[in-house]
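Chemist: Structure incoming, see below.
The values are calculated or read from the model by the stated rules, or taken from the named source; none is laboratory data. Fair warning: this is a prediction, and the values are worked out from it, not measured in the lab. Every residue, glycine among them, receives a Cβ derived from its backbone with ideal geometry; neighbour counts consider all protein chains shown.
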Amino acid sequence: MTPGLSGVAALVLCATMSVRVFAWDNDCKSYTDSNNKFHRSLDCNWEFCCGTCSSRYCCSNFNLKLSEETQDAW
């Protein structure tokens, strides 16, 4: 492998790993809504848990992310 190509490969590997670290554990936890209806957890994969404590969904907008602390508070 040429020196330039190995540097690109290392950069791609680092970028992939950093995305995986920051996307870790962004699933929506199970909850019971205001109508006492149970909603099971959602596996958001590469997205975030978004919405409110009584209406959760997966989305890719970081600004709408519902933190784990907020999910746990309800």
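Chemist: Among the residues of the stretch 54-74, how many are farther than 13 Å from Ser41 by Cα, of a type outside the set (A, V, I, L, M) and surrounded by 11 or more Cβ atoms within 10 Å (Cβ to Cβ)? Walk me through it before giving the result.
Modeler: Kept after step one, since they are farther than 13 Å from Ser41 by Cα, are these residues of the stretch 54-74: 59-67, 69-70, 73-74.
Of the ones still in play, those that are also of a type outside the set (A, V, I, L, M) are 59-63, 65, 67, 69-70, 74.
Checking which are surrounded by 11 or more Cβ atoms within 10 Å (Cβ to Cβ) leaves us with 59-60, 62, 65, 67, 70, 74.
Final tally of qualifying residues: 7.
Chemist: What number of residues within the stretch 49-74 are in a helix (DSSP H, G or I) and in contact with a Gly (Cβ under 9 Å, 6 or more places away or on another chain)?
Modeler: Step one: filter the stretch 49-74 for residues in a helix (DSSP H, G or I), giving 62-64, 68-73.
This time we only want the ones that are in contact with a Gly (Cβ under 9 Å, 6 or more places away or on another chain), so: 64.
Adding up the residues that qualify gives 1.
Chemist: Another one. Select from the stretch 32-53 the residues that are surrounded by 13 or more Cβ atoms within 10 Å (Cβ to Cβ), among the charged types (D, E, K, R) and under 18 Å from Trp74 (Cβ atoms) and list them in ascending order. So that I can check it myself, show each step before the final result.
Modeler: Pass one, the stretch 32-53, residues surrounded by 13 or more Cβ atoms within 10 Å (Cβ to Cβ): 33, 39, 41-42, 44, 47-51, 53.
Add one more test, that the residue is among the charged types (D, E, K, R), and what stays is 33, 47.
Result: Asp33, single match.
Chemist: Can you name the residue in the stretch 19-30 that is of a type in the set (A, V, I, L, M, F, W, C) and either part of a helix (DSSP H, G or I) or more than 22 Å from Cys53 (Cβ to Cβ) (or both) and, of all such residues, is modelled with the highest pLDDT?
Modeler: Looking only at the stretch 19-30, we keep the residues that are of a type in the set (A, V, I, L, M, F, W, C), and these are 19, 21-24, 28.
Those still in the list that are either part of a helix (DSSP H, G or I) or more than 22 Å from Cys53 (Cβ to Cβ) (or both) too: 19, 21-22.
Working: Val19: 41, Val21: 41, Phe22: 47.
That would be Phe22.
Chemist: Within the stretch 31-48, identify whether any single residue is part of a helix (DSSP H, G or I) and modelled with pLDDT of 60 or more, and answer yes or no. Walk me through how you get there before you give the answer.
Modeler: Filtering the stretch 31-48 for residues part of a helix (DSSP H, G or I) gives none.
Within the stretch 31-48, not a single residue is part of a helix (DSSP H, G or I) and modelled with pLDDT of 60 or more.
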